[in-house]
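The values are calculated or read from the model by the stated rules, or taken from the named source; none is laboratory data. Because the structure is predicted, anything quoted here is derived from the model rather than measured. Positions of Cβ are backbone-derived with ideal geometry, glycine not excepted, and every protein chain shown enters the neighbour counts. When the accessible area is computed, the model is the full protein with side chains, heavy atoms only, and any ligands, DNA or RNA have been set aside. Shrake-Rupley method; radii C 1.70, N 1.55, O 1.52, S 1.80 Å.
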Amino acid sequence: MSLITTQPTRRRATFHDLTVSRVDRLTDDAVAISLAVPEELREEFAFEPGQHLTVKATLGGEEVRRSYSCCISRADSASRGEVRVATARVPEGVMSSWLNSEVKPGDVLQVMSPLGSFVCPTDPTARKHHVGIAAGSGITPVLSLLTTVLEEEPQSRVTLIFGNRRTDSIMFLEELMDLKNRYPGRFTLINVLSREVQDVELFTGRIDRAKFEEFLATFIPEDEVDEWYLCGPFEMVETVRTVLAERDVDAAHVHHEIFHVDDAGTPVLTEAVEVAPDAPPVAVATVTLDGRTTTVPMRSKDQTILAATLIERPDAPFSCTGGVCGTCRAKVVDGEIRMDRNYALEPDEVERGYALMCQSHPVTDTVTIDYDA
Ligand code: FES
């Protein structure tokens with residue numbers, strides 16, 4: 001390993017200790033956790049609505065990292081000096097169970113500054129129709145996005161189609177009803193329940209292709225929508241994206257995020273590829289992170305660049321390791337890589353050379369990676 005020291009070129013997301021200021025129970029199995037942001041970190045934790053925070057904790061003797069979307073509007077975050085995340089308990093989920101049952105005001109959590117490209121800039125002069133389609137805890141980034149739109153675009157209107165099992169499993173029901181009261185002419189909320197029969201048949205069941213096409217035929221013709229925000233399980237998001245693509249909706253206006261891989265998802269740092277530590281290198285990655293360049297030997301091209309990098313640079317950022325959260329994003333400035341899965345980067349980011357290191361393998365014998373770019 002060789003080191004070359006240069007100056008950091010930009011601030012990168014890093015972990016900080018934040019104190020829990022409030023825990024709000026949203027449903028029997030979901031909580032929202034507010035975290036106080038000290039004055040000196042306010043700028044660093046100023047987030048774009050739709051971005052997420054990674055929480056790190058040692059649970060059962062192992063380091064666990066999970067990403068949770070910010071679920072507070074930009075204005076509320078600034079006025080309260082807080083960020084807020086929400087989590088629904090996942091069966092056998094280590095982190096979500098801990099956050100749901102153990103964490104209390106006064107506790108200190110290790111939290112990474114905000115990341116993510118599921119964002120949309122607002123324009124106070126815009127007169128747009130924004131439509132959110134969310135299911136379950138997919139509401140968390142969508143709530144932040146849509147609330148900010150309502151607050152910052154006074155002439156725009158917002159429709160949210162929100163899928164859940166039953167009324168008592170709806171996260172943020174109170175906040176959503178409050179939004180309806182605050183913006184009666186500009187915010188329409190449609191709850192779709194899969195295990196509770198409603199008066200309107202369209203509002204009962206799951207948000208699948210048939211139901212979404214019916215919504216397009218009745219409530220939300222696609223040519224009357226300017227921006228789409230989709231967040232929920234993979235299948236729902238992909239179905240809606242496919243239907244919109246079939247109808248020639250410009251993908252640049254279809255913003256999407258699948259559920260963050262939560263506790264039931266890809267285990268952190270499980271490296272499927274067995275790599276003998278003394279095997280001769282077959283490729284070399286030159287990695288720049290926080291202004292410091294490190295030569296990382298790769299002993300198999302099936303190993304991910306993240307896995308190899310962490311051996312030399314334990315400070316390399318990651319969270320889900322499943323291609324979902326975007327925490328491990330870096331620019332490939334030289335050489336060629338192949339990426340297994342990408343649910344985090346927009347097509348234009350990939351075109352500009354960015355890749356997810358937890359999913360990337362070298363194709364050429366040398367690759368140069370810049371986390372600071
Ligand atoms: S660590 Fe989440 S996408 Fe790579």
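Near Val363, once Lys and Arg are set to +1 and Asp and Glu to -1 for all other residues with Cβ below 13 Å from its Cβ, the sum equals -3. Full extension of the chain between Ala75 and Thr295 yields a length gain of 74.9 nm, computed as 0.36 nm times the residue separation minus the alpha carbon distance. Working ranking of peptides 292-299, 141-148, 109-116 by packing, defined as the average number of other Cβ atoms within 10 Å per residue, highest first, is 141-148, 109-116, 292-299. Ligands, DNA and RNA are left out, and with a 1.4 angstrom probe the accessible area of the chain is 45 Å² per residue. Over the chain, DSSP H runs of length four or greater, each weighted -39,500 (n - 2.57), average out per residue to a 222 nm ellipticity of -6000 deg cm²/dmol. Considering only alpha-carbon pairs that sit under 8 angstrom and 6 or more positions apart, the relative contact order computed for the chain is 17 percent.
Quick one: grab the alpha carbon gyration tensor of region 129-258, order the square roots of its eigenvalues as a ≥ b ≥ c, and give me rounded if a/c is under 1.5, else prolate or oblate depending on whether a/b is larger than b/c. It is rounded, given that a/c, with a ≥ b ≥ c, falls under 1.5. Semi-axes of the equivalent ellipsoid of region 43-135 are 28, 16, 12 Å, computed as sqrt(5λ) over the eigenvalues of the C-alpha gyration tensor in descending order. Exposure check, 1.4 Å probe, all protein chains in place: Leu179 carries approximately 10 Å² of accessible surface.
If you take all other residues with their beta carbon under 9 Å from the beta carbon of Val31, and give Lys and Arg +1 and Asp and Glu -1, the sum is 0. Apolar share of the accessible surface for the chain: 49 percent from carbon plus sulfur atoms, 1.4 Å probe. From the Kirkwood radius over Cα pairs of the chain, Stokes-Einstein at 37 °C and 0.692 mPa s returns a whole-number translational diffusion coefficient of 151 µm²/s. Using the Cα gyration tensor of region 283-370, with a ≥ b ≥ c the square roots of its eigenvalues, what is the shape: rounded (a/c below 1.5), prolate (a/b larger than b/c) or oblate (neither)? Rounded shape, in that the Cα axes give a/c under 1.5.
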